[in-house]
Amino acid sequence: MNRRLRKKKRVGEFKELGFEVRGDLRPGLSGDDIEAFMDRLIDVVEARSLAFGGGAGRADKLDGFITRDGRGSATEEDRAALAAFLDGDAEIARRALAPPRHHARKSKPRPPGDDRGSCSTSGRPF
């Protein structure tokens, strides 16, 4: 694969790394407490130009993935900063951060009405 395609597909030397974050929330938190915790988490994430995909609250769990917002990788310093935040927050009973790994980005969503590639019974090819 040539350099241009490796960059476009974000593989090889253009691979982008992120890490999983999981945790147990303190039992019995109210919805407002969970929302306040998520606001604090997102503030830390955005301050480091990172992005978070995931959520918290279901069965008192935090589950998500952290990556660089835009091109690039989350760094070990980012991982350490998030660990320090989680260790210091009273709402987290236990946390785990996975080692960095390559994350696959999904292709951009198609605009409404664009049915190329979809299965259909209308007789049109897909």
| Which of the aspartates and glutamates could be linked to LYS8 by a straight reach, that is with a Cα gap under 13 Å, when you skip same-chain ones fewer than 8 residues away? | GLU16
| field | Relative contact order of region 29-99, defined on C-alpha pairs under 8 angstrom at six or more residues apart (%) | value | 26
| query | Extension gain ASP33-ALA84, at 0.36 nm per residue separation less the Cα-Cα distance, in nm? | reply | 16.4 nm
| remark: Simple SL model, points at 7 angstrom along Cα→Cβ for GLU20 and GLU46; separation in nm is 2.7
| task | Take the Cα radius of gyration of region 57-103 and divide it by 2.2 N^0.38 Å, with N its residue count; two decimals is plenty. | result | 1.25
| query | Using the Karplus equation 6.51 cos²θ - 1.76 cosθ + 1.60 (θ = phi - 60°), what ³J(HN,Hα) coupling, rounded to whole Hz, does each residue of region 12-27 give in order, writing x for Gly and Pro? | reply | x, 5, 9, 4, 10, 10, x, 8, 7, 10, 9, x, 9, 7, 4, x
| said: To the nearest 20 Debye, how big is the dipole of region 29-99 about its Cα centre, given +1 on the beta carbon of each Lys and Arg and -1 on that of each Asp and Glu? | reply: 360
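All of the numbers you see were taken from the coordinates with simple rules; none came from a lab. Please read these numbers as outputs of a predicted model, since none were measured by experiment. Ideal geometry is used to build each Cβ from the backbone, glycine not excepted, and the neighbour counts take in all protein chains shown.
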